[in-house]
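Asks: Let me give you the structure first, and then I'll get to my questions.
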Amino acid sequence: MRSGFVAVAGRPNVGKSTLVNALCGGKVAIVSDKPQTTRRRIFGIANGDGHQLVLADLPGFQRPRDPLTEHMQRTVESSFEDVDAVLFVVDARERIGAGDRFIARRVFALGVPVVIAVNKVDRLKPGHVASQMQTAAALGDFHALHPVSAKTGDGVAELRDELVGLLPEGPLYFPADQRTDLAVETQIAELVREQALALTREEVPHAISVEVEEIEEKVVRATLAVETDSQKQILVGKAGSMVKQIGTRARPEIEHLLGRKVFLDIQVKVRPRWRRDEAALERLGI
Ligand SMILES: Nc1nc2c(ncn2[C@@H]2O[C@H](COP(=O)(O)OP(=O)(O)OP(=O)(O)O)[C@@H](O)[C@H]2O)c(=O)[nH]1
Ligand SMILES: [Mg+2]
């Protein structure tokens, strides 16, 4: 039995969470086209024949701007302790540059094997992929370099095999049928936040947090908090149309998770400056 932990590092929005989901063969972490989607460490567990690969999906590496992003950055740093390897994700569609080199300095100093995934190679010309791989190769003394598309699944099986090959012999850290360490309340809150992120723009997505208050047999009660009245108006929408749409879009996956039909009751509230409120951050598990 091989088992162990791999931290997933990279700039915001490069596709870390999408890749963790692909490696685990199912949804563990929410995904959006907005940076800073992932705010806490989420274990995605890939169970296979004779192995258990535990991936620590992490917030993107960034310069902290407020207590929220400070906490996120601290999470990244502390998650590098005691890992068997690092999966360093870069975006093939973006210039590989200073941000990636900043992360490289950190991860290559950890003393564990670093596997670089050049993600989002779908629909890119082979020549462009080749030159991005060359740039990525200069980031540091990597163990392996894999072109992948988390979206189409191209290269994901090969990458998984590579990571599993780096794991030591070890026990099962989680039951073999478990795919994430998140409590079901947190998973539901994240699914609601995913839809709120998908439907909002600019500063609004960053100001959204979601908490699940109660899961009853037929009703799930959640609070969606933003920081200002104008953000609240956006989230509520005309005659409640926005919050209704968020609920409608989030419900199928929530029902799938719970294995039953539920009514989703989402209250939109203003929590001024929750991103600077240590108690609020703690409650959100950030
Ligand atoms: N075309 C393409 N898009 C991708 C791929 N992987 C991820 N994306 C998109 O990239 C965006 C960001 O994906 P995430 O998985 O949320 O990125 P992340 O690195 O976890 O982002 P943060 O949590 O904010 O740091 C989303 O719009 C994804 O759909 C890929 O292989 N190909
Ligand atoms: Mg993410």
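The values are calculated or read from the model by the stated rules, or taken from the named source; none is laboratory data. Everything quoted here is computed from the prediction, not taken from an experiment. All Cβ positions, glycine included, derive from the backbone under ideal geometry; neighbour counts span all protein chains shown. For the accessible areas, the whole protein counts, side chains as well, though only heavy atoms, and no ligand, DNA or RNA atoms are used. Shrake-Rupley method; radii C 1.70, N 1.55, O 1.52, S 1.80 Å.
Asks: Roughly how big is the chain's charge dipole about its Cα centre, with Cβ charges of +1 (Lys, Arg) and -1 (Asp, Glu), in debye to the nearest 20?
Replies: Working: 39 positive and 39 negative charges, 222 e Å.
Taking the Cα centre of the chain as origin, the dipole is about 1060 debye.
Asks: Right, here's the next one. What is the packing order of peptides 113-119, 73-79, taking the mean over residues of other C-beta atoms within 10 Å and listing the highest first?
Replies: Numbers: 113-119: 24.7, 73-79: 16.3.
The most tightly packed comes first, giving 113-119, 73-79.
Asks: Ok, one more. With every atom except the alpha carbons ignored, what do you get for Rg and Dmax of segment 1-48, in angstroms?
Replies: Radius of gyration, then largest Cα-Cα span, for segment 1-48: 11.2, 38 Å.
Asks: Now a separate question. Let me check the size of segment 141-217 from its C-alpha atoms; what are the radius of gyration and Dmax in Å?
Replies: For segment 141-217, the Cα radius of gyration and maximum Cα-Cα distance read 18.2, 53 Å.
Asks: What ratio of Cα Rg to 2.2 N^0.38 Å holds for the chain? Working shown, then result.
Replies: Working: Rg = 19.2 Å, N = 286, 2.2 N^0.38 = 18.9 Å.
Normalised Rg, Cα atoms only: 1.02.
Asks: Give me the Å³ per residue figure for the convex hull around the C-alpha atoms of segment 94-238.
Replies: Details: hull volume 29.3 nm³, N = 145.
So the per-residue hull volume is 202 Å³.
Asks: What number results when the radius of gyration of segment 1-132, computed over Cα atoms, is divided by 2.2 N^0.38 Å? Don't jump to the answer; show the numbers that get you there.
Replies: Values: Rg = 14.5 Å, N = 132, 2.2 N^0.38 = 14.1 Å.
That ratio works out to 1.03.
Asks: Just for the Cα atoms in segment 227-286, what are the lengths along the principal axes, largest first, rounded to whole Å?
Replies: 36, 31, 12
Asks: Still on this structure, please answer the following. Rank these residues by their accessible area, most exposed first, probe 1.4 Å: 61, 5. Don't skip to the answer; put the middle values down first.
Replies: Numbers: 61 15, 5 45 Å².
So, going from the largest accessible area down, we get 5, 61.
Asks: Tell me, what is a quarter of the convex hull surface for the C-alpha atoms of segment 176-286, in nm² with one decimal? It would help to have the intermediate numbers written out before the result.
Replies: Values: hull surface 29.3 nm².
For the Cα atoms of segment 176-286, the hull's average projected area reads 7.3 nm².
Asks: I want the local charge near residue 199. Using Cβ-Cβ distances under 12 Å, sum +1 for each Lys or Arg and -1 for each Asp or Glu among the other residues. Mind showing how you got there, number by number?
Replies: On the way: positive: 34, 193, 201, 244, 249; negative: 33, 194.
Summing Lys/Arg as +1 and Asp/Glu as -1 gives +3.
Asks: Now for a different question. Choose one of 215, 279, 237: the residue whose Cα lies farthest towards the positive end of the charge dipole of segment 185-286 (beta-carbon charges +1 Lys, Arg; -1 Asp, Glu; about the Cα centre).
Replies: 237
Asks: Follow-up question, since we're still on this one. Can you tell which of 46, 131, 80 lies farthest toward the positive end of the dipole of segment 26-143, using +1 and -1 charges on the Cβ of basic and acidic side chains (Lys, Arg; Asp, Glu)?
Replies: Result: 131.
Asks: Just how much of residue 185 is accessible, in Å², when a 1.4 Å probe is used and the result is rounded to the nearest 10?
Replies: 80 Å²
Asks: Holding the Cα-Cα limit at 32 Å, pick out from 120/218; 151/269; 27/244; 125/232; 34/261; 125/244 the pairs that are longer than that. Walk me through the intermediate numbers first.
Replies: Numbers: 120/218 40 Å; 151/269 34 Å; 27/244 23 Å; 125/232 43 Å; 34/261 30 Å; 125/244 41 Å.
Pairs exceeding 32 Å: 120/218; 151/269; 125/232; 125/244.
Asks: When the convex hull of the C-alpha atoms of segment 54-141 is computed, what volume per residue in Å³ does it have? Mind dumping the intermediate values first?
Replies: Working: hull volume 9.4 nm³, N = 88.
In segment 54-141, the Cα convex hull volume per residue is 107 Å³.
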